[in-house]
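Below: one structure, written as structure tokens.
The values are calculated or read from the model by the stated rules, or taken from the named source; none is laboratory data. Since we're looking at a predicted model, the values are computed, not measured. Every residue, glycine as well, gets a Cβ built from its backbone with ideal geometry; the counts of neighbours run over all protein chains shown.
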Amino acid sequence: MTLIAVLKIIWMISAVGTIILVLLHSPKGDGLGGLGGQAQLFTSTKSAETTLNRLTWLLMTVCMGITVLLSGGWLGR
């Protein structure tokens, strides 16, 4: 396998992973549940949300970095 083929595989995995992680995020708004004070009752732990944020940013950065490398044509053909 060439370097470009390996980068394309990593690029696709990071793109799909980013989509999945974004869909796993909990909504930030309380909606109508915030009116009655019930919004804080069923919140997720902060460490899980922090880890999810870090993984999302990491995969997004990898995906965008590989996008720039592949589209720039700097790796040769």
message: Condition first: among the hydrophobic types (A, V, I, L, M, F, W, C), outside any loop (DSSP other than H, G, I, E, B), out of contact with any Gly (no Cβ under 6 Å at 6 or more places or on another chain) and modelled with pLDDT under 90. Can you find one or more residues in the range 4-15 that meet it?
response: no
- prompt: Within the set of pairs 6 or more residues apart or between chains, which connect a residue that is farther than 11 Å from Lys8 by Cα inside the range 58-77 to a residue that is assigned to a helix (DSSP H, G or I) and not acidic (Asp, Glu) with Cβ atoms less than 6 Å apart?
  reply: Leu59/Ser14; Leu59/Gly17; Leu59/Thr18; Met60/Thr18; Val62/Ser14; Leu75/Ile4
- prompt: Does the range 31-39 contain at least one residue that is among the hydrophobic types (A, V, I, L, M, F, W, C), modelled with pLDDT of 90 or more and in a helix (DSSP H, G or I)?
  reply: no
